[in-house]
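The values are calculated or read from the model by the stated rules, or taken from the named source; none is laboratory data. Model, not experiment: these values are computed from the prediction. As a convention, Cβ positions derive from the backbone with ideal geometry for all residues, glycine included, and neighbour counts pool all protein chains shown. For accessibility, only protein heavy atoms count, side chains too; no ligands or nucleic acids. Shrake-Rupley method; radii C 1.70, N 1.55, O 1.52, S 1.80 Å.
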Amino acid sequence: MSFMLTMVLCSQLEMTCMQPVTNDKKYSSFKKCMMIGYEASKILLDTIHKDDVNNKQIYVNFTCTEGKSI
């Protein structure tokens with residue numbers, strides 16, 4: 001099994017999300033994909049000014065979906 005990470009940046013206040021982004025990397029386990037998703041979410045939020053995050057209530061949503069074998 002392999003898993004692909006898809007991330008979406010959303011605004012809780014505006015109730016909107018940007019288009020989902022999936023990279024071509026495949027992860028060998030669901031847990032590995034989830035751990036990378038949490039790490040990537042933190043990195044992404046760190047790149048956005050804190051006032052924007054707070055004022056627009058920005059959050060990252062992500063999923064790890066099963067794909068073809070590696």
* Asked: Cα convex hull of the chain: how many Å³ per residue?
  -> 77 Å³
* Structure fact -> Restricting to lysines and to Cα separations under 23 Å from K50, and discarding same-chain partners fewer than 8 apart, the set is K42
* Average accessible surface area per residue within the chain, 1.4 Å rolling probe, Å² -> 75 Å²
* Carbon/sulfur fraction of accessible area - the chain, other protein chains in place, 1.4 Å, % -> 57 percent
* To do: Relative to the longest principal axis of the C-alpha atoms of the chain, give the angle of the C-alpha long axis of helix 30-46, reported between 0 and 90° and rounded to the nearest 10°.
  => 30 degrees
* the chain, relative contact order [Cα under 8 Å, separation at least 6], % -> 52 percent
* Helical contribution to [θ] at 222 nm, DSSP H n ≥ 4, -39,500 (n - 2.57), averaged over the chain, rounded to 500 -> -10500 deg cm²/dmol
* For the chain, run through the trypsin sites (Lys or Arg not before Pro) and keep only the ones in DSSP coil with at most 12 other Cβ atoms within 10 Å of their Cβ. => K68
* Report, in debye and to the nearest 20, how large the dipole of the chain comes out about its Cα centre when Lys and Arg carry +1 and Asp and Glu carry -1 on their Cβ. => 320 debye
* Which GluC sites (Glu not before Pro) from the chain combine a DSSP loop assignment with at most 11 other Cβ atoms within 10 Å? -> E14
* Asked: If the chain between E66 and M35 were fully stretched, how many nm would it gain, using 0.36 nm times the residue separation less the Cα-Cα distance?
  -> 9.6 nm
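At 0.36 nm per residue, and after removing the present C-alpha to C-alpha distance, how many nm does the segment from C17 to N55 gain when stretched out fully?
12.2 nm
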